[in-house]
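The values are calculated or read from the model by the stated rules, or taken from the named source; none is laboratory data. These numbers come from a predicted model, not from an experiment. Here the Cβ positions follow ideal geometry from the backbone for every residue, glycine too, while neighbour counts run over all protein chains shown.
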Amino acid sequence: MRSSQHKTEAFLSLNPFGQVPAFEDGDWKLFESRAITQYIAHGYTEKGNKLISHDTKKMAIISVWMEVEAHQFDPAASKLTWEHGNR
Ligand SMILES: N[C@@H](CCC(=O)N[C@@H](CS)C(=O)NCC(=O)O)C(=O)O
């Protein structure tokens, strides 16, 4: 990001909004961090921690906290991280 690579044509072909992250899995391309994490959790259930359940109520709770992270935590945490990193 410091060298603005995320605004180059090559990167814009991965994320048209010119933002990090962008993700490639073979010829499959994705952007939006939470879509990427869900793709990995669903696509690679055999590896790492079990993040997906067939229990509807468990998955609902996971959705609730993903929404909380996106809309309550991230806006404030991103601003603080950015300010701290630019000191
Ligand atoms: N909703 C997006 C937000 C992505 C985002 O805000 N990325 C920031 C870095 S964390 C960025 O690329 N900022 C530089 C810019 O917008 O030019 C996601 O979750 O992936």
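Among the numbered conditions (1) more than 14 Å from the ligand (Cβ to nearest atom); (2) touching a Lys or Arg at 6+ places or on another chain (Cβ under 7 Å), the only one that M66 does not meet is (1).
Within region 20-51, the only residue that satisfies the criterion of being surrounded by 15 or more Cβ atoms within 10 Å (Cβ to Cβ) and either assigned to a loop (DSSP other than H, G, I, E, B) or in the same structural domain as H71 (by TED's automatic domain parsing) (or both) is E32.
Of the residues making up region 52-87, those that are among the hydroxyl-bearing types (S, T, Y) and either more than 16 Å from V20 (Cα to Cα) or surrounded by 12 or more Cβ atoms within 10 Å (Cβ to Cβ) (or both) are S53, T56, S63. The residues on offer are K79, K57, K29, K47, and the sole one that is in contact with a strand residue (DSSP E or B) (Cβ under 9 Å, 6 or more places away or on another chain) and either basic (K, R) or touching a residue at least 60 places away in the same chain (Cβ under 8 Å) (or both) is K29.
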